[in-house]
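The values are calculated or read from the model by the stated rules, or taken from the named source; none is laboratory data. Only a predicted model underlies this, so the values are computations on that prediction, with no experimental measurement involved. Backbone-built Cβ (ideal geometry, glycine too); neighbour counts: all protein chains shown. In case anyone asks, the SASA skips ligands and DNA or RNA and just uses the protein heavy atoms, side chains included. Shrake-Rupley method; radii C 1.70, N 1.55, O 1.52, S 1.80 Å.
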Amino acid sequence: MKKRLGVNIDHVATLRNARGEKHPDPYTVALDVLKAGADSITVHLREDRRHINDMDLKILSSDKSIPINLEIASDLKIVKIALKNKLSFICLVPENRNEITTEGGLNLKKNKNKIKKILEIFNRNNVRTSLFINPSLQDIKLSKILGSKCIEIHTG
């Protein structure tokens, strides 16, 4: 099995946003990361857009040479944006307004109906969707029951 490297470029956008300027540019950094040997990039379109914004996602996803793993909350508005940008890889992650980075896995029990509905939407649209889960056998089994074909395990 070939090992693959994905690089998260969210904080490139964080720095740009903090400066209130157009640089550093996430698109340029994505190209540089791939040129340096990464297999894909990861971006998280947060509900509050504190990192990557809608225009960043549009620009990145319009370049089909960039393999993108999009992280999103279990939010139907964000799901529509993901579908509009025709992404092939999406990871559902929990989202807490006050966290700096994702602090744990999805609460599958509490949100199973919502997550199942979102997985059905993405599966119908041939989008490989993973769930970012806690490292428990119960969550692994529930992910499969909900229709996830892939998981990412939170390791702290």
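Being of a type in the set (G, A, S), modelled with pLDDT of 95 or more, under 14 Å from the mean Cα position of the chain (by Cα) and surrounded by fewer than 21 Cβ atoms within 10 Å (Cβ to Cβ): is that true of S88 here?
Details: of a type in the set (G, A, S): yes; modelled with pLDDT of 95 or more: no; under 14 Å from the mean Cα position of the chain (by Cα): yes; surrounded by fewer than 21 Cβ atoms within 10 Å (Cβ to Cβ): yes.
In short, no.
What are the residues in region 1-46 that are touching a residue at least 24 places away in the same chain (Cβ under 8 Å), open to solvent by 40 Å² or more (accessible area, probe 1.4 Å) and assigned to a loop (DSSP other than H, G, I, E, B), if any?
R4, L5, G37, D39
Could you tell me whether I121 is within 27 Å of L5 (Cα to Cα), among the hydrophobic types (A, V, I, L, M, F, W, C) and touching a Leu at 6+ places or on another chain (Cβ under 9 Å)? Before you say what the answer is, go through the steps one by one.
Details: within 27 Å of L5 (Cα to Cα): no; among the hydrophobic types (A, V, I, L, M, F, W, C): yes; touching a Leu at 6+ places or on another chain (Cβ under 9 Å): yes.
No: the conditions fail for I121.
With (1) open to solvent by less than 60 Å² (accessible area, probe 1.4 Å); (2) of a type in the set (A, V, I, L, M, F, W, C); (3) closer than 29 Å to S143 by Cα as the list, and L76 as the residue in question, which single condition is left unmet?
(1)
For region 125-156, give me each residue that is open to solvent by less than 60 Å² (accessible area, probe 1.4 Å) and more than 18 Å from K114 (Cβ to Cβ).
Result: S136, C150, E152, H154.
Look at region 141-156 and say how many of its residues are under 14 Å from V93 (Cα atoms) and assigned to a helix (DSSP H, G or I).
Of the residues in region 141-156, 1 are under 14 Å from V93 (Cα atoms) and assigned to a helix (DSSP H, G or I).
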